[in-house]
Number of protein chains: 2
Amino acid sequence: MTPFRHAIVAVTFLLPASAQRIVSPVISSDHRVTFNLSAPSASQVMLSGEFMKGSQPLVKNGEGLWTTTIGPIEPEIYYYNFTIDGVRTIDPGNPNVKTGSTPGTIQSVLEIPGDHSAFYDPQPVPHGEIRTHWYASKSLHTTRRLTVYTPPGYEGSTNTRYPVLYLFHGANADETAWTRLGRVNLILDNLLAAGKSKPFLVAMPFGYGVPPGSPSSAPGANLTAFSRDLLEDVIPFVESHYRAYADRGHRAIAGLSMGGGESLGIGLNHLELFSYVGGFSPGIRTADFQQSYGKFMADPRTANEKLRLLWIGCGSDDSLFAASEALVKMLDDAGIKHVFHKSGGAHTWINWRRYLNEFAPLLF
Amino acid sequence: MTPFRHAIVAVTFLLPASAQRIVSPVISSDHRVTFNLSAPSASQVMLSGEFMKGSQPLVKNGEGLWTTTIGPIEPEIYYYNFTIDGVRTIDPGNPNVKTGSTPGTIQSVLEIPGDHSAFYDPQPVPHGEIRTHWYASKSLHTTRRLTVYTPPGYEGSTNTRYPVLYLFHGANADETAWTRLGRVNLILDNLLAAGKSKPFLVAMPFGYGVPPGSPSSAPGANLTAFSRDLLEDVIPFVESHYRAYADRGHRAIAGLSMGGGESLGIGLNHLELFSYVGGFSPGIRTADFQQSYGKFMADPRTANEKLRLLWIGCGSDDSLFAASEALVKMLDDAGIKHVFHKSGGAHTWINWRRYLNEFAPLLF
């Protein structure tokens, strides 16, 4: 082939020059991290992130470059923000951004690589696929998106059927969160290649039945609407569109935060549909327990007969930890079998990726 | 089903309070748009975007709320930025963000809905799917991502084969750009439902053979490396993994900006592989024409025999417009058939979505 000149030169001038010069963050080999920002006119620049407590100032040098170095930091994927003259925003030097479905979710991403591949890294193993569907939700009268993970080998086979995990995101996120931020596909690819889990499909719907940020004046409205979409639209779509088993023994339901409230609320009240239920840092309130789980708790024999796994994980620094502990005590008191995975850490994707990595091998 | 209380209340406190209060932008029914930012400590806040020339200041009121109203604005999807005390960043009140693969690509998104559905809107028609693959690139010795659109009906049929459009993103973007920003799936779903285009697959690889932002000291390195990945890895992957036709009559190649330089550079020099070639605001330089297209231009008879379509689109406000005009003149002089779609507008996704909508009905 003729060696062509490439076109990057011709088009990079379309970016503002300032955006090209500053690189941030810079990760050194000892896992220290330097953050940089060009802001000659700013009066104060603060850094806050999941790798630190509180916030700390960047320091300005003569040319208006603000900088600070922190660490060393343990290899992980972290989110952080700059606050520039009181406005919480992203690091303009970093193209890697976490987004969500409501304001305040926008953060910059810092990924510290370790000496070895992490469980969430792409590794040289067979890879599954992620599919994005637009489906007509009859129950919500709208077109909605659904993300589905298919394990490696799904496409090549024509007769094999697969179990399904229905997996929900948290508040202020959307149906892309578990793949973009949770790396569900890479985690499951790696577990499967290591022989640690079985192959299954993962269906990740948009977890809102009412618009994100709707007033809380309609309690229950979101879960009621979302439940209808899940039970009447999403599950039938998955089971007609994919080679999925369609019985309770091959259905699992789990979610994080708000999605954990949804998975527990729907799963524990539909043992005729699900036999594996997980709540990751679940968004639950003790005041709602009787209404949400009263019927389930009242019949521990059926619960223990039907449920092959009830798994709850929460971090000790999570403001929702007490609610998980209270639910677990209620399960203990009722004699309902469960796993309570108490971890360190807070209400973060760091924990949710790890919980998935613990939970998935227990399924099917 | 028991009416459960939903969990949004329990988790929204995890967001900073300030982020919840300010809504921006606010679109009025007459298509005027108000931008808002809470920034009591800032000295200057500027707005710039694709819907305006230059930039204009937001005005601060007594409570530290900065605001400005512009428009009315024509229904479209626009990108914009706030510049806060000299730092170009996003609108923190808007969760809808455009991201890319290099700094400076991060912008807020303003979508003005029209009175009727746009050609890029989700409409109540059959919808195709988007699939994300991780594939082993033998030529680049790495695991890379590939996005593929399958038209509605692909999944249900078992014998039908489909043509393939290989479609490339621009500089500083990635393999998700055409679906996230270009809405390729919705545009093709709508064209197909209207009977205006044929069903075909769209394969959208990551368009960099060298890391984005690499020094321009290695001219040709990117296109050479990307070409190998495309020809030796991507096309074989698509043709073995999908029910795709594998002959030149059923392959099209197109791209925008840097990707337009790639599609013209590869397509016009591989008429044995492609019969439809498109360049959208292509990132090309007249100084490279002889080296890039000399062999192709020297044999107009073969070009006209083999090419069923050579389509070039560019906007008159685009700084790359002169290069497209020069290429078209060269084609005219050589007597090579082509379509030159001269539009208004600049180097924007507004044009690229429209170009795809013009180009797709001409394929296959």
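Largest mean-square fluctuation among A:Pro205, A:Pro300, A:Pro282, in a Gaussian network model of chain A whose springs join Cα atoms under 10 Å apart, belongs to A:Pro300. Counting beta carbons within 10 Å around each of A:Trp311, A:Trp349 and listing the fewest first gives the order A:Trp311, A:Trp349. Put a plus charge on the Cβ of each Lys and Arg, a minus charge on the Cβ of each Asp and Glu, and nothing anywhere else: the dipole of the protein assembly as shown about its Cα centre is then about 680 debye. Relative to the first principal axis of the alpha-carbon coordinates of chain B, what is the inclination of helix B:349-359, with its axis defined by its Cα atoms, in degrees from 0 to 90 and to the nearest 10? On a 0 to 90 degree scale, this one is about 40. How high is the relative contact order of chain A? Use alpha-carbon pairs under 8 Å, at least six apart in sequence, and give a whole percent. It comes to 12 percent, rounded to a whole number.
Distances from B:Thr302 to itself in the other copies, using label points 7 Å out along the Cα-Cβ axis, amount to 7.6 nm in increasing order. The charge dipole of the stretch A:13-111, taken about its Cα centre with unit charges on the Cβ atoms of Lys, Arg (+1), Asp and Glu (-1) only, comes to about 220 debye.
Of the DSSP beta bridges with both residues in the protein assembly as shown, give the percent that are antiparallel, rounding to the nearest 5. Of all bridge pairs located within the protein assembly as shown, approximately 65 percent are antiparallel. Other residues within the sphere of radius under 15 Å centred on the Cβ of A:Leu191, judged by their own Cβ, net out at +2 (K and R +1, D and E -1). Could you give the angle, 0 to 90 degrees to the nearest 10, between helix B:321-334's Cα long axis and the longest principal axis of the Cα atoms of chain B? Value to nearest ten degrees: 20. Among rounded, prolate and oblate, which fits the stretch A:252-304 when a ≥ b ≥ c are the square roots of the eigenvalues of its C-alpha gyration tensor, a/c under 1.5 means rounded, and a/b larger than b/c means prolate? It is oblate, given that a/c is not under 1.5 and a/b is not larger than b/c.
For the stretch B:40-48, 3J(HN,Hα) computed residue by residue from phi via the Karplus equation (6.51, -1.76, 1.60; θ = phi - 60°) reads x, 9, 7, 9, 8, 10, 10, 10, 9 Hz, glycine and proline entered as x. When only Cα pairs below 8 angstrom with a gap of at least 6 residues are kept, the stretch A:226-287 shows a relative contact order of 32 percent. Taking K and R as +1 and D and E as -1, what net charge do the other residues with C-beta under 10 Å from the C-beta of B:Pro163 add up to? That sum, taken over residues with Cβ under 10 Å, equals +2.
Across the stretch B:249-273, the residues whose backbone nitrogen lies under 14 Å from the label position 7 Å along the beta-carbon direction of B:Lys306 are B:249-253, B:264-273. Using a 7 Å projection from Cα along Cα-to-Cβ, the label point at B:Thr160 is separated from the same position in the remaining copies by 2.7 nm, smallest value first. Split chain B at each of the GluC sites (Glu not before Pro) in a DSSP loop with at most 11 other beta carbon atoms within 10 Å, and the longest piece is B:64-271. Taking every alpha-carbon pair under 8 Å whose residues sit at least 6 apart, the stretch A:13-111 reaches a relative contact order of 26 percent. Under a 5 Å amide H cut-off, with hydrogens placed 1.01 Å from N, A:Gly278 pairs with A:Ile253, A:Ala254, A:Gly255, A:Trp311 among residues at least 5 apart or on other chains.
Distant-in-sequence amide contacts of A:Ser343, defined by a placed amide H-H separation under 5 Å and a gap of 5 or more residues or a different chain, comprise A:Cys314, A:Gly315, A:Ser316. Using a Gaussian network model of chain B with C-alpha springs under 10 Å, which one of B:Ala334, B:Ala303, B:Ala287 is most mobile by mean-square fluctuation? Looking only at B:Ala334, B:Ala303, B:Ala287, the largest GNM fluctuation is found for B:Ala287.
Put a dot 7 Å past the Cα of A:Lys53, heading toward its Cβ, do the same for A:Thr160, and the two dots end up 4.9 nm apart. By its C-alpha gyration tensor, with a ≥ b ≥ c as the square roots of the eigenvalues, how is the stretch A:129-362 shaped: rounded for a/c under 1.5, else prolate for a/b larger than b/c, else oblate? Verdict is rounded for the stretch A:129-362. If I fit a long axis through the Cα atoms of helix B:184-193 and take the longest principal axis of the Cα atoms of chain B, what angle between them do I get, 0 to 90°, rounded to 10? For helix B:184-193, the angle is close to 70 degrees. Each copy carries a label point for B:Ala334 at 7 Å from Cα toward Cβ; from one copy, the others' points are 7.4 nm away, ordered from shortest. According to the square roots a ≥ b ≥ c of the eigenvalues of the Cα gyration tensor, what is the shape class of the stretch A:13-111, taking rounded for a/c under 1.5, prolate for a/b larger than b/c otherwise, and oblate for the remainder? Rounded shape, in that the Cα axes give a/c under 1.5. Inter-chain neighbour count for B:92-102: the average number of beta-carbon atoms from partner chains within 10 Å of each residue's beta-carbon is 5.
Laboratory data are not the source of any read-out in this text; all were calculated from the coordinates shown. All of these numbers come straight from a predicted model, not from anything done at the bench. Please note: Cβ atoms are built from the backbone with ideal geometry, for glycine as well, and neighbour counts cover all protein chains shown.
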